[in-house]
Amino acid sequence: MTPTPLIERFYHEVWNRADEAVAREILASDFRFRGSLGPEKRGVDGFIDYTRQIHAALGGYTCTILAIIEQGERAAVRLRFAGVHRGAFFGVEATGREISWAGAAFFGFAGGRIAELWVLGDVEAVKAQLGAEVGAGL
């Protein structure tokens, strides 16, 4: 499988539908994840815990793919993230506000699976929409 279908499944099924079975299918067992919203996670279980935290804080959380660029076993993706603030996020209790922000993701693949992912999101835009203090953590 080429990177694009894996990336599409990752965002449409793993993130948008919170399908943990698909995560276990398409992520390498030693998957490495570094996101702009939290600490580095290793392994599929660590990543699934992270997705649960995000979905708990942001109802209807979605990732929209805007562009994908592939080069061999690497790919870059431009994204839009959105959700309704329904739980503690960046130290701010639920506001019920819909928030959205831009981001980019950098993937590495091995053995037909996603092996690593580094995500950079506009954290300052998230904080501004929530009214959070600069420097507040997840």
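Some values worked out for this structure:
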read-out	value
Residue ID - surrounded by the most Cβ atoms within 10 Å (Cβ to Cβ), chosen from residues in segment 5-46 that are of a type outside the set (A, V, I, L, M, F, W, C), touching a Phe, Trp or Tyr at 6+ places or on another chain (Cβ under 7 Å) and not in a loop (DSSP other than H, G, I, E, B)	Lys41
Val126 vs. criteria modelled with pLDDT under 95 and of a type in the set (Val, Ile, Thr)	yes
Members of segment 102-130 found to be small (Gly, Ala, Ser) and either part of a strand (DSSP E or B) or closer than 20 Å to Val44 by Cβ (or both), listed by number	Ala102, Gly103, Ala104, Ala105, Gly108, Ala110, Gly111, Gly112, Ala115, Gly121
Answer residue from segment 64-118, given it is modelled with pLDDT of 95 or more and of a type in the set (Phe, Trp, Tyr) and is surrounded by the most Cβ atoms within 10 Å (Cβ to Cβ) among those	Phe81
Condition broken by Ala94, with the remaining ones in (1) part of a loop (DSSP other than H, G, I, E, B); (2) more than 22 Å from Ala132 (Cα to Cα); (3) aliphatic (A, V, I, L, M) satisfied	(2)
Test: Ile99 is outside any loop (DSSP other than H, G, I, E, B), in contact (Cβ under 8 Å) with a residue 40 or more places away in the chain, more than 18 Å from Gln129 (Cα to Cα) and in contact with a His (Cβ under 9 Å, 6 or more places away or on another chain)	no
Every pair of residues 6+ apart whose Cβ atoms lie under 6 Å, when the first sits in segment 22-42 and is at pLDDT 95 or above while the second is of a type in the set (D, E, K, R) and part of a helix (DSSP H, G or I)	Val22/Glu13; Ile26/Arg9
Residue list for segment 92-107, filter: more than 15 Å from the chain's Cα centre (by Cα) and not aliphatic (A, V, I, L, M)	Glu93, Thr95, Gly96, Arg97, Glu98
Gly72 being more than 18 Å from Gly112 (Cβ to Cβ), without any contact (Cβ under 8 Å) to a residue 60 or more places away in the chain and of a type in the set (Gly, Ala, Ser)	no
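The values are calculated or read from the model by the stated rules, or taken from the named source; none is laboratory data. Computed from a prediction, not measured in an experiment: that's the story for all the values here. Quick reminder, even Gly has a Cβ in these numbers, built from the backbone with ideal geometry, and neighbours come from all protein chains shown.
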